[in-house]
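The values are calculated or read from the model by the stated rules, or taken from the named source; none is laboratory data. Just so we're clear, the structure is a prediction, and the values are computed from it rather than from any experiment. Quick reminder, even Gly has a Cβ in these numbers, built from the backbone with ideal geometry, and neighbours come from all protein chains shown. SASA here: full protein model, heavy atoms, side chains in, ligands and nucleic acids out. Shrake-Rupley method; radii C 1.70, N 1.55, O 1.52, S 1.80 Å.
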Amino acid sequence: MTDTLSALGAARLVPVVVLDDAADADPLAAALVAGGLPVAEVTFRTAAAEDSIRAMSARGDMLVGAGTVLTPQQVDLAVAAGASYIVSPGLSKAVVERCQEHGVLALPGAVTATEVQAALELGLTTVKFFPAGTSGGAPAIAALAAPFGGVRFVPTGGIGPKNLHEYLAIPAVAAVGGSWMVPRASVKAGDFAEITRLTAEAVALLQA
(Lines give C-alpha, C1' and ligand atoms only; values in the text may rest on other atoms or scores of the structure.)
Protein backbone atom coordinates (compact mmCIF):
# COMPACT_ATOMS: atom_id res chain seq x y z
CA MET A 1 0.00 0.00 0.00
CA THR A 2 2.89 2.33 0.76
CA ASP A 3 4.37 1.60 -2.67
CA THR A 4 1.03 2.41 -4.32
CA LEU A 5 0.79 5.71 -2.45
CA SER A 6 4.36 6.56 -3.43
CA ALA A 7 3.59 5.81 -7.09
CA LEU A 8 0.49 8.02 -7.03
CA GLY A 9 2.51 10.76 -5.37
CA ALA A 10 5.23 10.44 -8.00
CA ALA A 11 2.69 10.70 -10.83
CA ARG A 12 1.02 13.74 -9.19
CA LEU A 13 -1.87 13.45 -11.67
CA VAL A 14 -4.27 10.51 -11.94
CA PRO A 15 -6.39 10.21 -15.11
CA VAL A 16 -9.97 9.28 -14.18
CA VAL A 17 -11.22 7.00 -16.94
CA VAL A 18 -14.73 5.94 -17.95
CA LEU A 19 -14.73 3.04 -20.41
CA ASP A 20 -17.86 1.84 -22.18
CA ASP A 21 -16.07 -0.91 -24.10
CA ALA A 22 -13.28 -3.05 -22.62
CA ALA A 23 -11.74 -3.30 -26.11
CA ASP A 24 -10.65 0.33 -25.65
CA ALA A 25 -8.78 -0.39 -22.42
CA ASP A 26 -5.46 -1.55 -23.87
CA PRO A 27 -5.07 1.21 -26.48
CA LEU A 28 -6.12 3.80 -23.88
CA ALA A 29 -3.49 2.48 -21.46
CA ALA A 30 -0.90 2.64 -24.25
CA ALA A 31 -1.91 6.25 -24.97
CA LEU A 32 -1.53 7.26 -21.31
CA VAL A 33 1.86 5.55 -21.03
CA ALA A 34 3.03 7.19 -24.27
CA GLY A 35 1.91 10.57 -22.93
CA GLY A 36 3.92 10.07 -19.75
CA LEU A 37 1.23 9.11 -17.22
CA PRO A 38 1.39 5.37 -16.48
CA VAL A 39 -1.51 5.49 -14.01
CA ALA A 40 -5.31 5.40 -14.20
CA GLU A 41 -8.44 5.23 -12.07
CA VAL A 42 -11.07 3.23 -13.97
CA THR A 43 -14.54 4.06 -12.67
CA PHE A 44 -16.91 1.23 -11.82
CA ARG A 45 -19.80 3.11 -13.42
CA THR A 46 -19.95 0.95 -16.54
CA ALA A 47 -20.32 -2.76 -17.24
CA ALA A 48 -16.93 -2.71 -18.97
CA ALA A 49 -15.02 -1.57 -15.87
CA GLU A 50 -13.97 -4.98 -14.57
CA ASP A 51 -12.65 -6.27 -17.91
CA SER A 52 -11.02 -2.89 -18.60
CA ILE A 53 -9.09 -3.02 -15.32
CA ARG A 54 -8.06 -6.59 -16.11
CA ALA A 55 -6.74 -5.59 -19.55
CA MET A 56 -4.89 -2.52 -18.30
CA SER A 57 -3.31 -4.16 -15.25
CA ALA A 58 -2.21 -7.17 -17.33
CA ARG A 59 0.08 -4.89 -19.34
CA GLY A 60 2.41 -4.56 -16.37
CA ASP A 61 3.51 -1.04 -17.26
CA MET A 62 0.98 1.04 -15.34
CA LEU A 63 -0.69 1.46 -11.97
CA VAL A 64 -4.41 0.76 -12.24
CA GLY A 65 -7.05 1.51 -9.65
CA ALA A 66 -10.83 1.21 -9.49
CA GLY A 67 -12.98 4.26 -8.88
CA THR A 68 -16.59 4.83 -7.79
CA VAL A 69 -16.42 1.65 -5.70
CA LEU A 70 -19.46 1.55 -3.43
CA THR A 71 -19.62 -1.97 -1.97
CA PRO A 72 -17.31 -4.67 -0.57
CA GLN A 73 -18.44 -6.90 -3.45
CA GLN A 74 -17.12 -4.35 -5.95
CA VAL A 75 -13.82 -4.31 -4.04
CA ASP A 76 -13.59 -8.08 -4.53
CA LEU A 77 -14.26 -7.78 -8.28
CA ALA A 78 -11.82 -4.89 -8.74
CA VAL A 79 -8.99 -6.59 -6.83
CA ALA A 80 -9.58 -9.87 -8.69
CA ALA A 81 -9.27 -7.90 -11.94
CA GLY A 82 -5.91 -6.46 -10.85
CA ALA A 83 -6.74 -3.10 -9.25
CA SER A 84 -3.92 -1.87 -6.99
CA TYR A 85 -6.03 0.73 -5.22
CA ILE A 86 -9.72 1.42 -4.59
CA VAL A 87 -11.32 4.86 -4.74
CA SER A 88 -14.77 5.65 -3.30
CA PRO A 89 -16.80 8.87 -3.55
CA GLY A 90 -17.53 8.72 0.18
CA LEU A 91 -16.32 6.99 3.34
CA SER A 92 -17.67 3.45 3.77
CA LYS A 93 -16.27 1.48 6.71
CA ALA A 94 -17.22 -1.80 4.99
CA VAL A 95 -15.40 -0.86 1.77
CA VAL A 96 -12.27 0.32 3.62
CA GLU A 97 -12.15 -2.83 5.74
CA ARG A 98 -12.52 -5.06 2.67
CA CYS A 99 -9.63 -3.20 1.02
CA GLN A 100 -7.54 -3.78 4.14
CA GLU A 101 -8.40 -7.49 4.05
CA HIS A 102 -7.09 -7.61 0.47
CA GLY A 103 -4.04 -5.50 1.33
CA VAL A 104 -4.86 -2.81 -1.24
CA LEU A 105 -4.90 0.94 -0.75
CA ALA A 106 -8.29 2.50 0.02
CA LEU A 107 -8.91 6.13 -0.95
CA PRO A 108 -12.36 7.03 0.35
CA GLY A 109 -13.92 10.43 -0.18
CA ALA A 110 -13.74 12.81 2.78
CA VAL A 111 -14.49 16.55 2.64
CA THR A 112 -15.30 17.40 6.27
CA ALA A 113 -13.32 17.25 9.48
CA THR A 114 -15.69 14.55 10.77
CA GLU A 115 -15.10 12.38 7.68
CA VAL A 116 -11.33 12.84 7.84
CA GLN A 117 -11.36 11.88 11.52
CA ALA A 118 -13.45 8.78 10.72
CA ALA A 119 -10.88 7.81 8.06
CA LEU A 120 -8.08 8.20 10.61
CA GLU A 121 -9.95 5.90 13.00
CA LEU A 122 -9.92 3.26 10.24
CA GLY A 123 -6.15 3.54 10.02
CA LEU A 124 -6.02 5.63 6.82
CA THR A 125 -3.64 8.53 6.21
CA THR A 126 -4.73 9.51 2.68
CA VAL A 127 -8.24 10.37 1.49
CA LYS A 128 -9.89 11.45 -1.71
CA PHE A 129 -11.30 14.99 -1.54
CA PHE A 130 -14.44 14.78 -3.71
CA PRO A 131 -16.13 16.63 -5.27
CA ALA A 132 -13.30 19.10 -4.90
CA GLY A 133 -14.71 21.97 -6.96
CA THR A 134 -17.99 22.22 -5.06
CA SER A 135 -16.57 21.35 -1.63
CA GLY A 136 -14.45 24.46 -1.15
CA GLY A 137 -11.62 23.60 -3.52
CA ALA A 138 -7.99 24.20 -2.67
CA PRO A 139 -8.70 26.61 0.24
CA ALA A 140 -10.83 23.94 1.96
CA ILE A 141 -8.03 21.37 1.68
CA ALA A 142 -5.50 23.85 3.04
CA ALA A 143 -7.83 24.54 5.98
CA LEU A 144 -8.35 20.83 6.73
CA ALA A 145 -4.64 20.12 6.46
CA ALA A 146 -3.93 22.43 9.41
CA PRO A 147 -5.57 20.31 12.17
CA PHE A 148 -4.83 17.02 10.38
CA GLY A 149 -1.09 17.35 9.91
CA GLY A 150 -0.41 13.77 8.85
CA VAL A 151 -3.24 13.44 6.33
CA ARG A 152 -2.69 13.59 2.56
CA PHE A 153 -5.43 14.45 0.08
CA VAL A 154 -6.16 13.40 -3.50
CA PRO A 155 -8.67 15.98 -4.78
CA THR A 156 -10.88 15.05 -7.74
CA GLY A 157 -13.86 16.73 -9.37
CA GLY A 158 -13.85 20.06 -11.14
CA ILE A 159 -10.08 20.12 -11.62
CA GLY A 160 -8.51 21.07 -14.93
CA PRO A 161 -5.45 22.75 -16.45
CA LYS A 162 -6.49 26.21 -15.18
CA ASN A 163 -6.68 25.34 -11.48
CA LEU A 164 -4.37 22.30 -11.27
CA HIS A 165 -1.53 24.26 -9.66
CA GLU A 166 -3.79 25.69 -6.94
CA TYR A 167 -4.15 22.16 -5.61
CA LEU A 168 -0.64 20.90 -6.26
CA ALA A 169 0.79 23.92 -4.40
CA ILE A 170 -0.66 22.55 -1.15
CA PRO A 171 1.91 20.30 0.60
CA ALA A 172 -0.86 18.01 1.90
CA VAL A 173 -2.00 17.18 -1.65
CA ALA A 174 -0.43 13.87 -2.72
CA ALA A 175 -1.87 13.85 -6.22
CA VAL A 176 -4.81 15.22 -8.20
CA GLY A 177 -7.44 13.31 -10.17
CA GLY A 178 -8.70 14.63 -13.49
CA SER A 179 -10.47 13.49 -16.62
CA TRP A 180 -9.67 16.24 -19.14
CA MET A 181 -6.87 14.23 -20.75
CA VAL A 182 -9.17 11.25 -21.36
CA PRO A 183 -12.33 12.68 -22.96
CA ARG A 184 -15.00 10.01 -23.25
CA ALA A 185 -15.78 11.14 -26.80
CA SER A 186 -12.15 10.64 -27.89
CA VAL A 187 -12.12 7.15 -26.37
CA LYS A 188 -15.37 6.22 -28.13
CA ALA A 189 -14.01 7.59 -31.42
CA GLY A 190 -10.81 5.59 -31.04
CA ASP A 191 -8.75 8.80 -31.18
CA PHE A 192 -5.99 7.61 -28.88
CA ALA A 193 -3.44 9.92 -30.49
CA GLU A 194 -5.48 12.83 -29.12
CA ILE A 195 -5.38 11.27 -25.65
CA THR A 196 -1.60 10.91 -25.87
CA ARG A 197 -1.36 14.58 -26.90
CA LEU A 198 -3.59 15.78 -24.06
CA THR A 199 -1.73 13.58 -21.57
CA ALA A 200 1.64 14.91 -22.68
CA GLU A 201 0.29 18.48 -22.31
CA ALA A 202 -0.90 17.65 -18.79
CA VAL A 203 2.50 16.21 -17.86
CA ALA A 204 4.15 19.35 -19.20
CA LEU A 205 1.85 21.41 -16.96
CA LEU A 206 3.04 19.42 -13.95
CA GLN A 207 6.61 20.38 -14.77
CA ALA A 208 5.85 24.03 -15.48
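Which value, in Å², gives the accessible area per residue of region 11-138 when a 1.4 Å probe is used on the protein heavy atoms?
Normalised by residue count, the accessible surface of region 11-138 is 37 Å².
Note on THR125 and ALA10: the extension gain reaches 39.7 nm, defined as 0.36 nm multiplied by sequence separation minus the Cα-Cα distance. Rounded to the nearest Å, what's the spacing between the alpha carbon centres of region 1-56 and region 150-189? Just the number, please. Rounded to whole Å, the Cα centres lie 14 Å apart. Cross-link partners for LYS93 among the lysines, with Cα-Cα distance under 22 Å and sequence neighbours closer than 8 places in the same chain left out: LYS128.
Taking a ≥ b ≥ c as the square roots of the eigenvalues of the alpha-carbon gyration tensor, the chain is classed oblate because a/c is 1.5 or more while a/b is no larger than b/c. Ligands, DNA and RNA are left out, and with a 1.4 angstrom probe the accessible area of region 146-208 is 47 Å² per residue.
Rounded to the nearest 500, what is the 222 nm mean residue ellipticity of the chain from helices alone, with -39500 (n - 2.57) per DSSP H run of 4+ residues and division by all residues? Write out the running numbers ahead of the final one.
Details: 10 runs with 96 residues, N = 208.
So the calculated ellipticity at 222 nm is -13500 deg cm²/dmol.
Within the accessible area of region 58-144, the carbon and sulfur atoms contribute 57%, probe 1.4 Å, all protein chains present. Only Cα pairs under 8 Å and 6+ residues apart enter the sum, and on that basis the relative contact order of region 16-164 stands at 15 percent. Scalar couplings 3J(HN,Hα) for region 105-110, obtained by applying the Karplus form with A = 6.51, B = -1.76, C = 1.60 to θ = phi - 60°, are 5, 9, 10, x, x, 8 Hz; x denotes Gly and Pro.
Label-to-label distance, THR2 versus ASP26, with points set 7 angstrom from Cα along the beta-carbon direction: 3.6 nm. Evaluating 6.51 cos²θ - 1.76 cosθ + 1.60 at θ = phi - 60° for every residue in region 122-128, the Karplus couplings come out as 8, x, 8, 10, 10, 10, 7 Hz, glycine and proline recorded as x.
Simple spin-label estimate for THR112 and ALA189 gives 4.2 nm between the two label positions (7 Å along the Cα-to-Cβ direction from each Cα).
Here the simple spin-label model places points 7 Å from the Cα toward Cβ, and for ALA204 and ARG45 these points are separated by 2.8 nm. In straight-distance terms, cross-link reach from LYS188 covers every one of the lysines whose alpha-carbon lies under 26 Å from its own, apart from those fewer than eight places away in the same chain; here that gives LYS162.
In a DSSP loop and with at most 14 other Cβ atoms within 10 Å, the trypsin sites (Lys or Arg not before Pro) in region 7-100 are ARG45.
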